[in-house]
Structures are given as structure tokens and as C-alpha cells.
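Everything on this sheet refers to the single structure shown next.
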Amino acid sequence: MDSIPANRRFWNQISSSYQHEHDPRIGAAPRLWGMYAIPDAHLHALGDVTGKRVLELGCGAGQWSRSLAAEGATVVGFDLSEAQLTAAAGAMGAARYPLVQGAAELLPFAAGSFDLVFCDHGGLSWAPPHLAVPQAARVLRRGGRLVFNTASPWFEACYDDTASRVTTTLHQDYFGLNSITEGRGATSYQLTYGDWIRTLRGAGLIIDDLIEPRPDPGTPNDYNRTDPPDWAHHWPAEMLWITHKP
Ligand SMILES: C[S@@+](CC[C@H](N)C(=O)[O-])C[C@H]1O[C@@H](n2cnc3c(N)ncnc32)[C@H](O)[C@@H]1O
């Protein structure tokens, strides 16, 4: 729970500049995943959401939530930062959906409330997974799915803090990734592949797939510099976990 106040402050502080820089690309089309804005139509991670109760865990300005609401899902946009939720409220389209403020570490929803819990670099990147994964599993109904995209351990281990870029050299200790200092006191989280599997299985989830999105050479990354520029075509920059509650 320790990182909640600092992460809330961090996202409140950067919300406006973050949206100014990234919203045009994140919000350009429905269902775009991650740093390389890869369409879900290519990855087939989320499936049909029509009529489903959906929780976006760390919805930011709601680019995903508003798309899914427009497709006929009953969506709740959930986020720690009031500035991010204000941005989501301002960008809400014709399909209205509720916004709730809170932390992925302690979800204010009854058990079994959702058919789908998902996020794209949201609560499962910014809350300790050993707390956030069991919470997500709890609010899913039996048969419901938890789908989420985060940076990969490869990406984190190859991140050169001094040069502020991802390279082909290992810079961080793979076994020591755990919590990652993001500046201004904020923290994001990463696990080894083995610890992700144990955390998901420990919360009672079945792992159906691990999609490693592979952008085509030349696909821009608007968040991080990489060396070489097509780094993510050669190594997995992100990982999309597809799981369900039996
Ligand atoms: C990178 S954004 C993800 C949102 C959107 N998919 C995007 O790409 O902009 C991360 C979001 O997670 C939210 N967040 C950070 N810590 C959180 C927590 N503990 N619980 C829920 N949301 C959190 C932040 O406020 C922020 O809006």
C-alpha cells in the first residue's frame, strides 16, 4: 500500500502533460494496445465485450473504456488519480460509463462483480502485483477473464537509466526488478516471469496465453527511446497476460 500516495500525486502532476503528449495516439482508434499502439484486431486479446460487465483497472483518460462502452459493454473506469479521471470525464463520448476513484490494491467492488477485468499499463503496472492480482481475481465472476498488458522484464532489464533508453545490454538485475523508481517518488512494479506465473496461479487464475506483441519495424514508440529503434521487433517489449477464473 506504501506507493499509493506518491503514485496518486505523480499521476495528478503529470496527467495534463501526459494526455497532451499521448492522447492523440492512444485515442486515435478503438482498442490500441501499449507503447506501439498495436490494434487488438491483430492480437485478439480481449474478445467480444457486448453486454459484459467490464472493469478497467487504471483507466487513465478512458481511451479504452469509452471504446468498450460504445461497443455495448457495461464499463466501470477505475483509477487512482483524480486528474486522470477528470480527463476521462471530459473525453467521455455518447456512451456514458461510471468513473470510480481508488487503488488497485484494495478494490471497492463486491466479489464476482465483473465478467472482464483488464488494463493496459494500468493498475497491474502501478500497484504491487501480489496485492492487485488477488483483488482483480476476487471481483471476477467464475469464468470471468483478467487480461492485462505491461512492460516485459526484458524491457526493464535492458533499460539504461543513465542514457534513458532501452539498449541491447543488460542493465538491471532481472531478479531484483520488483519495484522500479519512476521519479518524483513514484513506483511501478515488475516481476520475473516465474513470479508472474506464481502470483496469477496463487490467486486462483488459469493462464490461457501470454501474448508478446511484436511491432513491425518502423512502428514508433512514443514513450521510450530504444537502441536500435526497432528493438521491440527483436525482443518482447511488452507482455499481455490472458487469464480466467475457473
Ligand atoms: C499509463 S496510465 C494507463 C492508462 C491508459 N491505458 C494509458 O495508456 O494512458 C497508468 C494509470 O494507472 C493509474 N494508477 C496508478 N496507480 C494506480 C493504482 N494503484 N490503482 C489504480 N490505478 C492506478 C494512473 O493514475 C494512470 O492513470
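The values are calculated or read from the model by the stated rules, or taken from the named source; none is laboratory data. Treat the numbers as computed from the prediction; the structure is a model and nothing was measured. Cβ sites come from the backbone with ideal geometry, for glycine too, and all protein chains shown count toward neighbours.
One table, with the values for the structure above:
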quantity	calculated
Where residue 191 falls short, out of the listed (1) farther than 26 Å from residue 116 by Cβ; (2) among the hydrophobic types (A, V, I, L, M, F, W, C); (3) part of a loop (DSSP other than H, G, I, E, B)	(1)
Test result for residue 19, crowded, with 19+ Cβ neighbours inside 10 Å and modelled with pLDDT of 95 or more	yes
Test: residue in the stretch 187-210 that is of a type outside the set (A, V, I, L, M), over 28 Å from residue 140 (Cα atoms) and without any contact (Cβ under 8 Å) to a residue 24 or more places away in the chain	no
Unmet criterion (only one of (1) surrounded by 13 or more Cβ atoms within 10 Å (Cβ to Cβ); (2) in a strand (DSSP E or B)) for residue 181	(1)
Per-region count, the stretch 51-69, residues within 15 Å of the ligand (Cβ to nearest atom), outside any helix (DSSP H, G or I) and under 24 Å from residue 208 (Cα atoms)	6
Matching residues, the stretch 164-178, being more than 13 Å from residue 228 (Cα to Cα) and either surrounded by fewer than 12 Cβ atoms within 10 Å (Cβ to Cβ) or at pLDDT 95 or above (or both)	164, 170, 171, 173, 174, 175, 176
Hey, residue 1 within 17 Å of the chain's Cα centre (by Cα), part of a loop (DSSP other than H, G, I, E, B) and either at pLDDT below 95 or under 18 Å from residue 149 (Cβ atoms) (or both) or not	no
Any hit, the stretch 157-178, residues being in a strand (DSSP E or B), under 24 Å from residue 235 (Cβ atoms) and polar (S, T, N, Q)	no
Of residues in the stretch 6-50 being basic (Lys, Arg) and part of a helix (DSSP H, G or I), the one nearest to the ligand (Cβ to nearest atom)	8
Unmet criterion (only one of (1) farther than 18 Å from residue 238 by Cβ; (2) free of Cβ contacts under 8 Å to residues at least 40 places away in the same chain) for residue 71	(2)
Hits in the stretch 132-147 (condition: near the ligand (Cβ under 10 Å from one of its atoms) and surrounded by 23 or more Cβ atoms within 10 Å (Cβ to Cβ))	132
Pick from the stretch 79-131, criterion acidic (Asp, Glu) and in contact with a helix residue (DSSP H, G or I) (Cβ under 9 Å, 6 or more places away or on another chain), ranking: surrounded by the most Cβ atoms within 10 Å (Cβ to Cβ)	79
